[in-house]
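A quick write-up on the structure given underneath.
The values are calculated or read from the model by the stated rules, or taken from the named source; none is laboratory data. Fair warning: this is a prediction, and the values are worked out from it, not measured in the lab. Methodologically, a virtual Cβ is constructed for each residue, glycine included, from the backbone with ideal geometry; neighbour enumeration extends over all protein chains shown. Heavy atoms of the whole protein, side chains included, go into the accessibility calculation; ligands, DNA and RNA do not. Shrake-Rupley method; radii C 1.70, N 1.55, O 1.52, S 1.80 Å.
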2 protein chains.
Amino acid sequence: MVLSESPPPHDRWIGMAIELAVNNVLSGHGGPFGAVVVRDGTLISEGTNVVTTQNDPTAHAEIVAIRRACEVLGTFELRDCVIYTSCEPCPMCLGAIYWARMEAVYFAATHQDASKSGFDDSFIYEEMVRPIAARKLKMIQVPLQGSNRSFEAWKAQPNRVND
Amino acid sequence: MVLSESPPPHDRWIGMAIELAVNNVLSGHGGPFGAVVVRDGTLISEGTNVVTTQNDPTAHAEIVAIRRACEVLGTFELRDCVIYTSCEPCPMCLGAIYWARMEAVYFAATHQDASKSGFDDSFIYEEMVRPIAARKLKMIQVPLQGSNRSFEAWKAQPNRVND
């Protein structure tokens, strides 16, 4: 019996995400992060961190890959898709993964590994669990009359799609 | 003495964010959310939720406004900028606000208000504080040999910019 020499499927996609991350650094396009979106064993999109070269603080590998996958598939949800990423997602990217209703996340390095290279998102995770008033980020509610006007307009719309 | 009839500055910008949110619903462009980025009392950018019309689950009002502000200012950090948003930011947007190093967040409606209209991000906040293995979202580490290759490449780069 000849065993297949192909790597297990998760290893293949994670390997691709790591390769994207390495090449992103070597080409000077941005930080050491890569991600791919996969559906039914087929590659849908790739993404790398291009924050500093695109002047976009939201352009983490996962966000870039998710936005591209939605563009390719013509949808704003990726329910049957999986994301493979070279590193554990930060809170922003994790939020995007939840909003896109993705099926699963596979990652290689941990956020502790990222932290050792100067990419520390632990601070953001810690901030999020604090009550608003206890956060280091100044967050102030300005309760105006009519604060809920947009929600009222929304509820009056017949064909609304909550996202 | 004649008192100025201008509204207090925070009210003015929050009012603009709410107005953007209302108009976004009425024009059918997306969900009931609006945001503006302001620097030194000057409007830098506007954003509204265009998730369903742009097929982009990351296109929340705050993310759209942040990306545009960075484009306008030619930077990937908004250290001296403030964001005014019609509603308390979700975890994804809050993450983006931290990464952009913004100075402050002012918001009108609370996430409880949003929840009553079917926009419930409490679930995401709850998930984030759980250990990975206890989350409803399937998250699996695939530790490959070479998981840290991109970080090693990064540390070898002479002109790296951590973002």
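Yes/no matrix, rows are residues, columns are (1) touching a Ser or Thr at 6+ places or on another chain (Cβ under 8 Å); (2) in a helix (DSSP H, G or I):
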position	(1), (2)
B:Pro32	yes, no
B:Val37	yes, no
B:Thr58	yes, no
B:Cys70	no, yes
B:Thr85	no, no
B:Ile97	no, yes
In contact with a helix residue (DSSP H, G or I) (Cβ under 9 Å, 6 or more places away or on another chain), crowded, with 24+ Cβ neighbours inside 10 Å and charged (D, E, K, R): which single residue out of A:Glu88, A:Glu62 fits that description? A:Glu62
Kindly provide the set of residues from the range A:91-102 that are at the interface with chain B (Cβ under 7 Å from one of its Cβ atoms) and either touching a residue at least 60 places away in the same chain (Cβ under 8 Å) or open to solvent by 40 Å² or more (accessible area, probe 1.4 Å) (or both), ordered by number. A:Trp99
Take the range B:107-128 and flag every residue that is closer than 25 Å to B:Val82 by Cα, part of a helix (DSSP H, G or I) and of a type in the set (D, E, K, R). B:Asp113
Within the range A:129-151, can you find the residues that are under 14 Å from B:Glu88 (Cβ atoms), part of a helix (DSSP H, G or I) and facing chain B (nearest Cβ under 7 Å)? A:Ser150, A:Phe151
Six or more apart or on different chains, Cβ atoms under 7 Å: show the pairs whose first residue is in the range A:59-86 and closer than 17 Å to A:Gly41 by Cβ and whose second is polar (S, T, N, Q). A:Ala65/A:Ser45; A:Ala69/A:Ser45; A:Val72/A:Ser45
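In this structure, does B:Asp121 turn out to be over 16 Å from B:Gly47 (Cα atoms), of a type in the set (D, E, K, R) and within 7 Å of chain A (Cβ to nearest Cβ)?
No: the conditions fail for B:Asp121.
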Quick check, is B:Val142 at pLDDT 90 or above and among the aliphatic types (A, V, I, L, M)? yes
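Residue by residue, here is whether (1) under 30 Å from B:Gln54 (Cβ atoms); (2) open to solvent by less than 50 Å² (accessible area, probe 1.4 Å); (3) without any contact (Cβ under 8 Å) to a residue 40 or more places away in the chain holds:
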residue: A:Gln112; (1), (2), (3): no, no, yes
residue: A:Met128; (1), (2), (3): yes, yes, yes
residue: A:Pro131; (1), (2), (3): no, no, yes
residue: A:Ala134; (1), (2), (3): no, no, yes
residue: A:Val161; (1), (2), (3): yes, no, yes
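A quick yes/no check of all residues on (1) under 21 Å from A:Ala100 (Cβ atoms); (2) buried (at least 21 other Cβ atoms within 10 Å of the Cβ); (3) touching a residue at least 40 places away in the same chain (Cβ under 8 Å):
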position	(1), (2), (3)
A:Trp13	yes, yes, yes
A:Ala17	yes, yes, yes
A:Asn24	no, yes, no
A:Asp40	yes, no, yes
A:Gly47	yes, yes, no
A:Gln54	yes, no, no
A:Pro57	yes, yes, no
Set A:Ser122, A:Ser147: member being buried (at least 17 other Cβ atoms within 10 Å of the Cβ) and polar (S, T, N, Q): A:Ser147
